[in-house]
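Participant: Got a structure for you, written out below as C-alpha coordinates; questions coming shortly.
The values are calculated or read from the model by the stated rules, or taken from the named source; none is laboratory data. Bear in mind the structure is a predicted one, so any value in this text is a computation, not a measurement. Please note: Cβ atoms are built from the backbone with ideal geometry, for glycine as well, and neighbour counts cover all protein chains shown. Surface areas here come from the heavy atoms of the whole protein model, side chains and all, with no ligands, DNA or RNA. Shrake-Rupley method; radii C 1.70, N 1.55, O 1.52, S 1.80 Å.
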Amino acid sequence: MHQREHAMDEMQRCIEECLRCHSLCTTTAIHCLGMGGQHASPQHITTLLDCAEICQTSANFMLRGSPLHSLTCAVCAEACERCAQECERMAGGNQQMLACAEACRRCAESCRQMARMA
(Lines give C-alpha, C1' and ligand atoms only; values in the text may rest on other atoms or scores of the structure.)
Protein backbone atom coordinates (compact mmCIF):
# COMPACT_ATOMS: atom_id res chain seq x y z
CA MET A 1 0.00 0.00 0.00
CA HIS A 2 1.30 3.42 -0.88
CA GLN A 3 1.84 6.00 1.85
CA ARG A 4 -1.00 8.22 0.58
CA GLU A 5 -3.45 5.30 0.57
CA HIS A 6 -2.37 4.39 4.10
CA ALA A 7 -2.90 7.99 5.24
CA MET A 8 -6.37 8.03 3.67
CA ASP A 9 -7.26 4.75 5.41
CA GLU A 10 -6.03 6.14 8.73
CA MET A 11 -8.06 9.32 8.23
CA GLN A 12 -11.19 7.33 7.39
CA ARG A 13 -10.69 5.20 10.50
CA CYS A 14 -10.21 8.33 12.60
CA ILE A 15 -13.39 9.90 11.20
CA GLU A 16 -15.31 6.75 12.13
CA GLU A 17 -13.80 6.69 15.64
CA CYS A 18 -14.65 10.37 16.13
CA LEU A 19 -18.24 9.88 15.02
CA ARG A 20 -18.64 6.81 17.24
CA CYS A 21 -17.17 8.67 20.21
CA HIS A 22 -19.40 11.70 19.56
CA SER A 23 -22.46 9.48 19.60
CA LEU A 24 -21.47 7.59 22.75
CA CYS A 25 -20.47 10.69 24.71
CA THR A 26 -23.75 12.39 23.81
CA THR A 27 -25.89 9.42 24.81
CA THR A 28 -23.79 8.88 27.94
CA ALA A 29 -24.41 12.49 29.00
CA ILE A 30 -28.16 11.86 28.79
CA HIS A 31 -27.69 8.55 30.63
CA CYS A 32 -25.74 10.28 33.40
CA LEU A 33 -28.32 13.03 33.79
CA GLY A 34 -30.90 10.30 34.32
CA MET A 35 -28.70 8.63 36.93
CA GLY A 36 -28.37 11.83 38.92
CA GLY A 37 -25.96 12.36 41.78
CA GLN A 38 -22.27 12.70 40.91
CA HIS A 39 -23.01 11.42 37.40
CA ALA A 40 -25.08 14.55 36.74
CA SER A 41 -22.47 16.95 38.11
CA PRO A 42 -21.76 19.95 35.86
CA GLN A 43 -18.07 18.96 35.65
CA HIS A 44 -18.84 15.42 34.46
CA ILE A 45 -21.50 16.47 31.96
CA THR A 46 -19.21 19.20 30.62
CA THR A 47 -16.40 16.68 30.14
CA LEU A 48 -18.73 14.39 28.16
CA LEU A 49 -20.16 17.20 26.03
CA ASP A 50 -16.73 18.79 25.40
CA CYS A 51 -15.53 15.42 24.14
CA ALA A 52 -18.60 14.92 21.97
CA GLU A 53 -18.25 18.39 20.46
CA ILE A 54 -14.55 18.17 19.60
CA CYS A 55 -15.07 14.69 18.14
CA GLN A 56 -17.76 16.07 15.82
CA THR A 57 -15.57 19.04 14.92
CA SER A 58 -12.52 16.87 14.22
CA ALA A 59 -14.56 14.54 12.03
CA ASN A 60 -15.90 17.53 10.09
CA PHE A 61 -12.41 19.00 9.61
CA MET A 62 -11.15 15.67 8.25
CA LEU A 63 -14.21 15.13 6.04
CA ARG A 64 -13.65 18.42 4.28
CA GLY A 65 -9.87 18.03 4.13
CA SER A 66 -9.08 21.04 6.28
CA PRO A 67 -5.35 21.63 6.69
CA LEU A 68 -6.13 22.35 10.36
CA HIS A 69 -7.39 18.82 11.07
CA SER A 70 -4.16 17.84 12.79
CA LEU A 71 -4.72 20.62 15.33
CA THR A 72 -8.32 19.63 16.06
CA CYS A 73 -7.22 16.00 16.29
CA ALA A 74 -4.58 16.89 18.88
CA VAL A 75 -7.18 18.66 21.03
CA CYS A 76 -9.62 15.81 20.43
CA ALA A 77 -7.10 13.25 21.68
CA GLU A 78 -6.66 15.25 24.89
CA ALA A 79 -10.42 15.68 25.44
CA CYS A 80 -11.03 11.98 24.75
CA GLU A 81 -8.33 10.92 27.19
CA ARG A 82 -9.78 13.11 29.93
CA CYS A 83 -13.29 11.83 29.22
CA ALA A 84 -12.15 8.20 29.29
CA GLN A 85 -10.48 8.72 32.67
CA GLU A 86 -13.58 10.43 34.05
CA CYS A 87 -15.94 7.72 32.77
CA GLU A 88 -13.73 4.94 34.15
CA ARG A 89 -13.50 6.69 37.50
CA MET A 90 -17.28 6.93 37.76
CA ALA A 91 -18.26 3.67 36.04
CA GLY A 92 -18.64 1.35 39.00
CA GLY A 93 -19.48 -1.46 36.56
CA ASN A 94 -21.99 0.65 34.58
CA GLN A 95 -21.83 -0.70 31.02
CA GLN A 96 -22.75 2.63 29.36
CA MET A 97 -19.89 4.37 31.16
CA LEU A 98 -17.43 1.60 30.35
CA ALA A 99 -18.45 1.62 26.66
CA CYS A 100 -17.99 5.38 26.56
CA ALA A 101 -14.54 5.14 28.13
CA GLU A 102 -13.52 2.48 25.60
CA ALA A 103 -14.74 4.56 22.64
CA CYS A 104 -12.90 7.59 24.01
CA ARG A 105 -9.64 5.64 24.32
CA ARG A 106 -9.90 4.33 20.73
CA CYS A 107 -10.67 7.80 19.44
CA ALA A 108 -7.81 9.35 21.42
CA GLU A 109 -5.33 6.89 19.93
CA SER A 110 -6.60 7.41 16.38
CA CYS A 111 -6.55 11.19 16.78
CA ARG A 112 -3.02 11.12 18.19
CA GLN A 113 -1.92 9.29 15.03
CA MET A 114 -3.64 11.85 12.80
CA ALA A 115 -2.04 14.73 14.71
CA ARG A 116 1.40 13.18 14.18
CA MET A 117 0.81 12.73 10.42
CA ALA A 118 0.64 16.48 9.87
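Participant: Working only within the range 109-118, note down all residues that are at pLDDT 95 or above and buried (at least 23 other Cβ atoms within 10 Å of the Cβ).
Facilitator: Ser110, Cys111
Participant: Run Glu86 past the list (1) open to solvent by 50 Å² or more (accessible area, probe 1.4 Å); (2) free of Cβ contacts under 8 Å to residues at least 60 places away in the same chain and report the number of the one that doesn't hold.
Facilitator: For Glu86, the failing item is (1).
Participant: Continuing with this model, one more query. When you scan the range 22-46, how many residues do you find that are more than 15 Å from the chain's Cα centre (by Cα) and of a type in the set (Ser, Thr, Tyr)?
Facilitator: So the count comes out to 1.
Participant: Okay, moving on. Criterion first (part of a helix (DSSP H, G or I) and modelled with pLDDT under 95) does Glu5 satisfy it?
Facilitator: For Glu5, the condition - part of a helix (DSSP H, G or I) and modelled with pLDDT under 95 - is met.
Participant: On the given criteria, is Met97 at pLDDT 95 or above, in contact with a helix residue (DSSP H, G or I) (Cβ under 9 Å, 6 or more places away or on another chain) and open to solvent by less than 10 Å² (accessible area, probe 1.4 Å)?
Facilitator: yes
Participant: Go through (1) under 18 Å from Met11 (Cβ atoms); (2) not in a loop (DSSP other than H, G, I, E, B) for Ala52 and report which single condition fails.
Facilitator: (1)
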